[in-house]
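Worksheet for the structure shown next.
The values are calculated or read from the model by the stated rules, or taken from the named source; none is laboratory data. Remember, it's a predicted structure, so these values are computed and weren't measured experimentally. In this analysis, Cβ positions are derived from the backbone assuming ideal geometry, glycine residues included, and neighbour counts consider all displayed protein chains.
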Amino acid sequence: MFRHPTNSPWGEVTNCDNLCPGVFLIYTDNYDGGGTMVSRGMEEILSPAARRCGMRRGGFICFAEYSAENIVFRELLDKKLWSIPERIRNRTAFEENINNSLREHHPDYWRSREHGRQKAPPARPAPALAERS
């Protein structure tokens, strides 16, 4: 299992939410806020373009709250590893805010993501799982 981080590039962790296994939303009392930390064992869920945007610290790839954590949100949404929380009333607007932020603040990442989506083959339905007795 993945352990919650106790320290981050933004200071001591005061609260930590799991977005999915090995991916943590970090809160600190520091002025810099927090961010998202992806455990080394889970970094392969991120595209190479996303990994280049993070900073490596203590066994994690870290994405600052106000500049880069939308990259992680976008990657997790694209891979259906995370869904927008129920407390967010307008999920469409929330997702569009993520996309707008990425277009503005991380245009190289956005271009890479869009290029990869254009090259990707159409999604095929997952094979049905055999029922267990």
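Scanning the stretch 29-58 for residues that are crowded, with 16+ Cβ neighbours inside 10 Å, modelled with pLDDT of 95 or more and in a strand (DSSP E or B) yields a total of 5. Whether a residue is touching a residue at least 40 places away in the same chain (Cβ under 8 Å) and either touching a Cys at 6+ places or on another chain (Cβ under 8 Å) or more than 19 Å from R103 (Cα to Cα) (or both) was assessed, and G11 does not pass this test. Inside the stretch 36-72, can you point out the residues that are out of contact with any Ser or Thr (no Cβ under 9 Å at 6 or more places or on another chain) and under 12 Å from L25 (Cα atoms)? Once the filter is applied, which keeps residues that are out of contact with any Ser or Thr (no Cβ under 9 Å at 6 or more places or on another chain) and under 12 Å from L25 (Cα atoms), the stretch 36-72 yields T36, V38, S39.
Among the residues of the stretch 66-93, those identified as of a type outside the set (A, V, I, L, M, F, W, C) and part of a loop (DSSP other than H, G, I, E, B) are Y66, S67, K79, K80, S83, P85, E86, R87, R89, N90. Filtered by the rule that a residue be surrounded by 15 or more Cβ atoms within 10 Å (Cβ to Cβ), part of a strand (DSSP E or B) and of a type outside the set (S, T, N, Q), the stretch 2-19 gives G11, V13, C16, L19. If E96 passes every condition in (1) exposed (fewer than 13 other Cβ atoms within 10 Å of the Cβ); (2) part of a helix (DSSP H, G or I); (3) at pLDDT below 95 but one, which one does it miss? Single failed check for E96: (3).
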